[in-house]
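A short reminder: the numbers here are calculations on the coordinates, not readings from a lab. The shown structure was predicted, so the numbers you read here are calculated from the model rather than taken from an experiment. No Cβ is skipped: glycine too gets one built from the backbone with ideal geometry, and neighbour counts run over all protein chains shown.
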């Protein structure tokens, strides 16, 4: 099934103001193979903020609580819409729901690249897309800026969308180190199907730290109270990027905030992210 669009759709009423608009874009048969385009009533840019949710690439917590899906980003999406910035809210198949290797990364790439096809009809410029991802979504965001380095045949190779800038919010950015630290209690092995020794090539094709230098400036921001994804993930990515010759990678450590602060539009973590988005899209 090829991509198709549905006006409105899940989340549209919560995010669009009465004079704005929303559309659900479907790129596959699974319910998670979708992306939402939300347009503010008073648009201040033809660029787009792309938001990618986290959750360690899983469908939800073991106790069956709130799903790990695009709805996690609703509050910060509203904040960007109020600032006049269009939002592309992406989803993808999770581990345990048809995801894992290579499906999750293939979905992420398809959702990102679909914006290039959708943007012109909405009066948007997909070459001016800032990709923001939280936690596992931070992996996707930073990975999106390294896809041009992927060999032919790898999931996500030959990208249609190349971000203007990237913010990885508590991103899982070095998958080898994340596996060694057992982040998410086996989350990386769950995504890639094994350890770095068992599936070395998959780590090389999925880890942002292996796909450097990026094609765009990258900010890795983490709260110093984050016990889910430690700040050293950002430092490891930055070290790898600088060794590869990158000069436009930054790391920010926010005092007194934890993992969920990135989803709170009143937090300092979000303020840093928001500033990058507005600056990249030249919104003042």
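As a proxy for reagent exposure, 264, 74 were ordered by neighbouring Cβ count within 10 angstrom, fewest first; the result is 264, 74. Ordered by the count of other Cβ atoms within 10 Å of each Cβ, fewest first, 207, 158, 21, 135 give 158, 21, 207, 135.
Under the criterion of Cα pairs below 8 Å and six or more residues apart, the relative contact order for the chain equals 16 percent.
Here the peptides 172-178, 211-217, 138-144 are ranked by packing, the mean other Cβ count within 10 Å, and the order with the highest first is 138-144, 172-178, 211-217.
The calculated FRET efficiency for residue 158 paired with residue 250, based on their beta-carbon distance and R0 = 22 Å, is about 0.20.
For region 191-271, the square roots a ≥ b ≥ c of the C-alpha gyration tensor eigenvalues yield an a/c of 1.5 or more together with a/b not exceeding b/c, which makes the shape oblate.
Cα gyration tensor of region 4-280, axes a ≥ b ≥ c as square roots of the eigenvalues: rounded (a/c below 1.5), prolate (a/b > b/c) or oblate?
Because its axes are fairly even, with a/c under 1.5, region 4-280 counts as rounded.
Taking 0.36 nm per residue of sequence separation and removing the Cα-Cα distance, the residue 271/residue 63 pair yields an extension gain of 71.7 nm. Modelled spin labels at residue 279 and residue 198, positioned 7 Å past Cα toward Cβ, are 4.2 nm from each other.
If a/c stays under 1.5 just call it rounded; otherwise compare a/b with b/c (prolate if a/b is bigger, oblate if not). Do that for region 49-159, with a ≥ b ≥ c from the square roots of the Cα gyration tensor eigenvalues. Oblate is the answer for region 49-159, as a/c is 1.5 or above yet b/c matches or exceeds a/b.
When DSSP assigns beta bridges and you keep just the ones with both residues in the chain, what percent turn out antiparallel, to the nearest 5?
Working: 14 of 39 bridges.
Taking every DSSP beta bridge within the chain, about 35 percent pair in antiparallel fashion.
For the pair residue 121 and residue 82, the difference between a 0.36 nm per residue extended length and the Cα-Cα distance amounts to 11.9 nm. Post the alpha-carbon centroid distance, region 35-79 to region 166-193, in whole angstrom. The distance from the Cα centre of region 35-79 to that of region 166-193 comes to 20 Å.
To the nearest ten degrees, helix 103-118 and the longest principal axis of the Cα atoms of the chain are 30 degrees apart.
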